[in-house]
Amino acid sequence: MPDYFMEQLSEYSLDSPKEPIAIIVWLMWLAALIYLSVRYRNQHIKVNRKTLVWLAILSLSVLILTPFFNISLFSNIAGVDSQRLILFAAVPWLVAGGMVGMIPAVLLAGMSGLLTAYLHTHQIFTPLIFMATAIIFTLSVRQSYRPFFFRLLRFPVFSALFSILISVPFLFIASLFRSPGEFPSRMIGVINELPGTVLSFGGMILIGGVICVFIKMAVGKAWGTGQPLKPGPGETSLSIRLVTIISLVLLVLSVVSLVSSWLNAENDSRRTAVKRLTTTANVASENLSVFIETGESLISRFAEDDRLMTQDPEAVSRLLSQKVGFIPYFDQLAVISSNGEIIASYPPEAAINLPSHDE
């Protein structure tokens with residue numbers, strides 16, 4: 001089954017969704033990303049010469065780092081690359097998230113996602129996954145809450161790991177809506193391929209997070225917002241704390257439900273495959289018995305025809321040509337001697353393979 005970080009086609013192209021529900025999900029996803037980008041944009045960032053220089057450098061980096069510097073992680077049976085790790089594709093838009101804010105990071109991520117989709121994955125959902133990850137990473141590194149968990153999130157590596165974790169459901173949903181076939185088999189295929197997808201995508205994000213650590217050390221206060229720390233959401237609002245607890249419970253229930261659905265779908269798929277194989281085997285066995293009985297009956301009838309005992313091969317061949325038009329299942333007939341030699345056959349030029357004495 002295709003995957004977002006797999007080589008799908010030999011040429012450069014984009015494969016748009018075929019099902020209407022997939023197109024609707026894609027449009028709604030894009031609208032949600034645009035809303036979040038505008039809603040959480042950094043209003044205190046001023047567009048000056050330094051910001052424009054950074055945007056120019058990062059935009060050029062997208063064009064250089066996305067098409068190149070990728071390696072094969074796995075190969076299929078035919079030896080064709082099936083999983084690729086694009087090493088530095090995430091670096092420009094992760095750096096933009098920490099340096100110049102939300103909207104530039106999302107735009108660069110969309111540009112990088114389009115290049116990756118066109119050159120590697122050929123799936124239109126790829127830019128949406130990149131943009132969603134850029135939003136998560138930017139919100140993580142630019143927040144200024146003081147609890148320990150949020151302090152960890154401001155460190156780029158932990159933000160990258162957090163972004164990978166949150167992006168896993170997006171990868172699953174996108175894979176589910178662009179995969180062909182019935183829902184049970186589609187879900188099984190997506191779940192089987194999800195570890196490889198997370199490995200290639202997560203490796204790309206983690207490499208970008210590590211490089212962002214060095215960028216942060218080099219630019220100093222230019223990284224992040226530089227705003228004073230403030231109490232965390234759970235410290236100031238009891239309702240937010242309750243929502244957080246309820247969200248964690250719902251997350252656990254969702255994982256349990258997903259695993260249960262996967263097991264049920266796998267069992268249903270296995271039962272369906274066994275049922276189809278059993279039906280096919282029964283039909284084949286029933287037809288095989290009819291075929292054998294017909295052959296035995298024809299052999300008995302031909303054995304009683306004295307005209308087949310003549311030594312003239314041409315006469316026997318003509319007789320076989322008359323008989324072949326009145327019998328079912330068989331389009332080749334042959335008369336064989338007791339020594340296993342072919343006396344005559346129809347059609348005369350037909351190649352008839354006889355088993356050896358050892359067989």
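Suppose the filter is closer than 27 Å to ALA134 by Cβ, assigned to a helix (DSSP H, G or I), touching a helix residue (DSSP H, G or I) at 6+ places or on another chain (Cβ under 8 Å) and of a type in the set (Gly, Ala, Ser); does GLY220 pass it? No.
Residue-by-condition table, conditions (1) surrounded by fewer than 17 Cβ atoms within 10 Å (Cβ to Cβ); (2) touching a Cys at 6+ places or on another chain (Cβ under 6 Å):
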position	(1), (2)
ARG146	yes, no
PRO156	no, yes
ILE164	no, no
ILE188	no, no
LEU199	yes, no
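Only one of the numbered conditions (1) farther than 25 Å from ILE124 by Cβ; (2) of a type outside the set (A, V, I, L, M, F, W, C); (3) surrounded by 13 or more Cβ atoms within 10 Å (Cβ to Cβ) is not met by GLY226, and that is (3).
Tell me which helices (runs of 4 or more DSSP H) are completely within segment 107-185 and hold 3 or more residues being touching an Asp or Glu at 6+ places or on another chain (Cβ under 6 Å), within 30 Å of GLU266 (Cβ to Cβ) and not hydroxyl-bearing (Ser, Thr, Tyr), or say none if there are none.
none
Readers should treat all values here as calculations from the given coordinates under stated rules, not as data from a laboratory. In this text the structure is predicted, and so the values were computed from the model without any measurement. Reconstructed Cβ throughout: ideal geometry from the backbone, glycine too, with neighbour counts over all protein chains shown.
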